[in-house]
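Some notes on the structure that comes next.
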Amino acid sequence: MNKSVLIIGAGISGLACALMLEKIGYTPVIYEKSNCLRNGGGGLTLWSNATDAIQSMGLLEEIYQNSKIISESTIQTSSGKTLAKMPLNDLATQYGTHTVGILRANLHHLLSSKLKQTEIKFGYELVDLEKTNKEVIARFANGHVDTGEFLVGADGSNSAVRKKIFPINTLRFSGYEAWRGISTYTNHNTKCGKAFEAWGNGRRFGVIPVSDSLVYWFATRNTTENRDEGEVSKEQLIDIFREFAEPVPSIIKFTEEKDITRKVIYDLKPLQNWSKGRVMLIGDAAHATTPNLGQGACMALEDAVILAQTLAENKSVSQSFKIFEETRMDRVKFIVNRSWLLGRFVQIESKLFCEVRNILVRLSPSIQRNSSFERIIGHKI
Ligand SMILES: Cc1cc2nc3c(=O)[nH]c(=O)nc-3n(C[C@H](O)[C@H](O)[C@H](O)COP(=O)(O)OP(=O)(O)OC[C@H]3O[C@@H](n4cnc5c(N)ncnc54)[C@H](O)[C@@H]3O)c2cc1C
């Protein structure tokens, strides 16, 4: 039997998928349009549901060694007043694995270093594909053509694969933009693994330790769809977040300006299907989400594990794809829609509504008793 599989994209979902497909006897080839693995891109929170998936990949200890365990996460006002606390150490005892902060580059490099049979071809941009009953033919911008038993589109939110199989554009503009950076500013709290998110009026600043000496931060601000002011300097960012108490200004100050990236945030309105014939979408290509719950990469890791499980347990590719969609669809839809609504709630601009929002968060039941949160991060594969 032809066990060749083509994976488009060497991001978190493509690398994780290749790793899991190798384990069940496939020989994947990953085609990546960039010339190398992504090096920057700040950091990520991998919640307990993602570290559970990583445990299934056999990489939990190495992830712990290459990241920072998050002991607690706090939601606070821009002036630093605590609104809610998530005792993540306690939740890890309950869920079995920790939540961690990790540099994206560390995750990419760890996943790719574990690939044994997979070839990664850099500088190959998929431009077209053709499906037959038995195989998929992929065509690349440099003229290369390859054939596989099936093809996995792991090529991110602007997926070329998705545009080929589902041509209708369902990307949704969120109403906000985000900056990301890595800072050398640390303090007692970050060294103890304490993360926080500070909420202002239409602006937010989040800090996640990724090692003893580095923190990853993200900052959001409401914007209009086509506004592009070009690069924003560190001084301008400090000014945009001037209402935020320390350590926010220091964290921005201790960031290399060249490492600050900006992205206008879009998600993908939930699709009805992620596959057509022998082509399957995973990760952001299938279900790009707003970053409010920090679940995009976490879901990509879950996808990789569950896709391999269904392929291992079922006779045909089409049957496996159907079961994969049935298994994943409700959970993913729930997370994408929750994250979208949360974005509306936290990006509120009016001072009065922000006061009401903050009171609601202060009075809300503790995170341990929040069933939605439990459903998201307490999920086990
Ligand atoms: C501000 C922000 C904060 C976030 N924070 C978190 C967090 O804390 N936790 C979390 O879990 N998630 C977070 N996310 C989401 C996370 O970044 C994404 O969900 C994740 O990177 C998706 O991985 P992916 O591999 O599916 O896609 P991508 O990372 O987009 O990778 C796709 C790859 O495909 C390649 N590619 C694209 N087109 C082609 C083509 N035609 N041919 C060949 N290759 C192609 C690209 O070059 C890229 O390497 C955040 C996102 C943002 C914007």
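Miscellaneous remarks
- Yes/no for Val5 being within 21 Å of Val161 (Cβ to Cβ), more than 13 Å from the ligand (Cβ to nearest atom) and touching a residue at least 12 places away in the same chain (Cβ under 8 Å): yes
- Close Cβ contacts (under 9 Å, 6 or more residues apart or on different chains) running from residues in segment 126-147 that are closer than 15 Å to Ala160 by Cα and outside any strand (DSSP E or B) to residues that are open to solvent by 40 Å² or more (accessible area, probe 1.4 Å) and not charged (D, E, K, R) comprise Ala141/Tyr124; Ala141/Val127.
- Condition met for Ser339 (open to solvent by less than 20 Å² (accessible area, probe 1.4 Å), closer than 11 Å to Ser275 by Cβ and either in contact with a Leu (Cβ under 7 Å, 6 or more places away or on another chain) or within 11 Å of the ligand (Cβ to nearest atom) (or both)): no
Residues checked against (1) basic (Lys, Arg); (2) more than 14 Å from the ligand (Cβ to nearest atom); (3) open to solvent by 40 Å² or more (accessible area, probe 1.4 Å); (4) out of contact with any strand residue (DSSP E or B) (no Cβ under 7 Å at 6 or more places or on another chain):
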{"residue": "Ile168", "(1), (2), (3), (4)": "no, yes, yes, yes"}
{"residue": "Arg204", "(1), (2), (3), (4)": "yes, no, no, no"}
{"residue": "Val210", "(1), (2), (3), (4)": "no, no, no, no"}
{"residue": "Phe241", "(1), (2), (3), (4)": "no, yes, no, no"}
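- Screening segment 212-221 for residues that are within 11 Å of Gly181 (Cβ to Cβ) and not aromatic (Phe, Trp, Tyr) and picking the one that is most open to solvent (accessible area, probe 1.4 Å) gives Leu214.
- Residue tally, condition open to solvent by 20 Å² or more (accessible area, probe 1.4 Å) and charged (D, E, K, R), over segment 271-310: 3
- Pair list, Cβ < 6 Å and 6+ apart or interchain, from segment 37-58 residues that are farther than 13 Å from Tyr95 by Cβ and open to solvent by 30 Å² or more (accessible area, probe 1.4 Å) to residues that are away from the ligand (no atom under 11 Å from the Cβ) and in a helix (DSSP H, G or I): Asn39/Ala105; Ser56/Val305
- Search result, residues across segment 306-332 that are hydrophobic (A, V, I, L, M, F, W, C) and farther than 18 Å from Arg375 by Cβ: Leu307, Ala308, Leu311, Ala312, Val317, Phe321, Ile323, Phe324
- Subset of segment 15-36 [within 14 Å of the ligand (Cβ to nearest atom) and surrounded by fewer than 16 Cβ atoms within 10 Å (Cβ to Cβ)]: Ser34, Asn35, Cys36
Conditions tested, residue by residue: (1) part of a helix (DSSP H, G or I); (2) at pLDDT 95 or above; (3) more than 10 Å from the ligand (Cβ to nearest atom); (4) not aliphatic (A, V, I, L, M).
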position	(1), (2), (3), (4)
Ile252	yes, yes, yes, no
Lys258	yes, no, yes, yes
Ala285	yes, yes, no, no
Met299	yes, yes, no, no
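- Ala245 meets the conditions (1) more than 12 Å from the ligand (Cβ to nearest atom); (2) of a type in the set (A, V, I, L, M, F, W, C); (3) crowded, with 24+ Cβ neighbours inside 10 Å; (4) not in a strand (DSSP E or B) in every case but one. The failed one is (3).
The values are calculated or read from the model by the stated rules, or taken from the named source; none is laboratory data. What you are looking at is a predicted structure, and each value in this text was computed from that prediction instead of being measured. Glycine also receives a Cβ, built like all others from the backbone with ideal geometry; neighbour counts cover every protein chain displayed. The area values use the complete protein model at the heavy-atom level, side chains included, leaving out ligands, DNA and RNA. Shrake-Rupley method; radii C 1.70, N 1.55, O 1.52, S 1.80 Å.
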